[in-house]
Amino acid sequence: MKKILLSVSVIAFVAVVIAGATGAFFSDTETSTGNTFTAGAIDLTVDNTSYYNGVFNPDTSWLQKDLEQGDLFFDFQDLKPGDWGEDTISLHVNNNDSWLCADVTLTDNSGMSSTEPELETADPLEDGTTGPNDGELASRVHFAWWADDGDNVFESNETLLQSGTLGALDVGQTATVALADSEVNIWDGTGPLPGDSIRYVGKAWCFGDFQLTAVDQDALGYTGTLENPKGTNGPDVRNSGISCSGANEGNETQTDRVQADISFRAEQSRNNGSFLCSPQDPQSPIDQF
């Protein structure tokens, strides 16, 4: 009997030892905490420095910002033949490398009313009726665009990019211009705009016969600011390179109104290498959209 009890005790002891040994294996734990995906950001902001007939125009100028209602690149209510203007638009691409496009949509080309001088012209559209797409002004205000260096002057080392009139568009139609996409970069030749960079677009317009003559490049670069745009070499010091004559204009455009929406859009370039602003030829001039 003692032998049996002893055997049982030995078995029990061995079982306890074995059971107790199960927590003594070698082990190691490595933990990575806080794994996170955070989406990147692209933020396009814009400022504008505007001149009207060679004089700084604060009403269509603003500091760097997100565009809001009332930020207008042109807003002139009493236009006369021979009037002209120039804007240098600063495009700030924040955070990530981006492609950049411009879209211009004609929203109104109205003959607001028919004055007696208008009705006396030979224009067949001047029949006393009015409508959103029967004005002549859109075809008489000429535009030109170039890749500027920020000084509001068309200079000898700057290439004219686009020219034409909004009259090439029907109301509601949008013209898209590639500023930087997989086929063209108007500033650097190829590639996207680097994140946290600034690029400038010059825009000139003329109500009448329009001519651009490049001004000698200023080696100093632009010395003005938006608060003091004249500086020492702004367009009111050096000339803008813009010539506009209204001598050949008639009465057909009296009281006509042109309105357009202008937007700039940035799109990520990483993993998006074949991006195009539009399927159209990105370098086609405005009057061939």
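A short reminder: the numbers here are calculations on the coordinates, not readings from a lab. Since the model is a prediction, treat every value here as computed from it, not as a measurement. Neighbour counts run over all protein chains shown; Cβ positions are idealised from the backbone, glycine included.
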The stretch 20-106 pair-distance distribution - Cα-Cα, 5 Å bins, rounded %: 3, 9, 14, 14, 11, 9, 6, 5, 4, 3, 3, 3, 3, 3, 3, 2, 2, 1, 1, 0, 0
Spin-label pair Ala39/Asp216, simplified geometry with 7 Å Cα→Cβ offset, distance in nm: 5.3
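Figure the gain on full extension for Gln77 and Asn239 (residue separation times 0.36 nm, minus the Cα-Cα span) and round it to one decimal in nm.
55.8 nm
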Spacing of the two label points (7 Å from each Cα toward its C-beta) at Ala247 and Glu68, in nm: 4.6
Area projected by the alpha carbon convex hull of the stretch 146-201, averaged over all directions, nm²: 5.3
Ser163 paired with Thr29, simple spin-label distance in nm, labels 7 Å along Cα-to-beta-carbon: 7.5
